[in-house]
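Participant: Here it is, the structure in full.
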Amino acid sequence: MQPLGHWTASQASVILSVLYISYLAMAIPGGWVIDRFGYRRFVTSSLAITTAGVAVTSYVHEYGGRAYLTTETPTACSAQRSCCS
């Protein structure tokens with residue numbers, strides 16, 4: 001497996017593992033919510049939550065949260081690195 005951007009194969013494996021475990025953990029509660037409230041309400045509320053999450057993520061990234069949204073740590077930044085500008 002080739003590195004993805006600045007991620008190593010090990011980091012990509014951890015990210016994919018978290019994705020799959022999260023999917024597995026939410027499959028049963030998601031099915032219960034669909035049975036209880038209906039598909040249309042579930043999809044509408046899921047899209048609203050996803051939209052809010054994307055908006056918050058872009059806001060944090062724009063106003064100094066980049067080190068927390070990438071694999072870099074704030075102490076690893078130097079004056080020459082783009083993450084600190």
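Participant: For Ser13 and Ala55, compute 0.36 nm times the residue count separating them, minus their Cα-Cα distance, and round to one decimal in nm.
Facilitator: Result: 12.5 nm gained on full extension.
Participant: Could you run the Karplus curve 6.51 cos²θ - 1.76 cosθ + 1.60 with θ = phi - 60° over the stretch 40-50 and give me ³J(HN,Hα) per residue in whole Hz, x for Gly and Pro?
Facilitator: 4, 5, 5, 5, 4, 5, 4, 5, 5, 5, 5
Participant: Rounded if a/c is under 1.5, else prolate if a/b beats b/c, else oblate: with a ≥ b ≥ c from the C-alpha gyration tensor eigenvalues square-rooted, which is the stretch 8-50?
Facilitator: Values: a/c = 5.97, a/b = 2.33, b/c = 2.56.
Judged from the Cα gyration tensor, the stretch 8-50 comes out oblate (a/c at least 1.5, b/c at or above a/b).
Just so you know, all these numbers are worked out from the coordinates, no wet-lab data involved. Treat the numbers as computed from the prediction; the structure is a model and nothing was measured.
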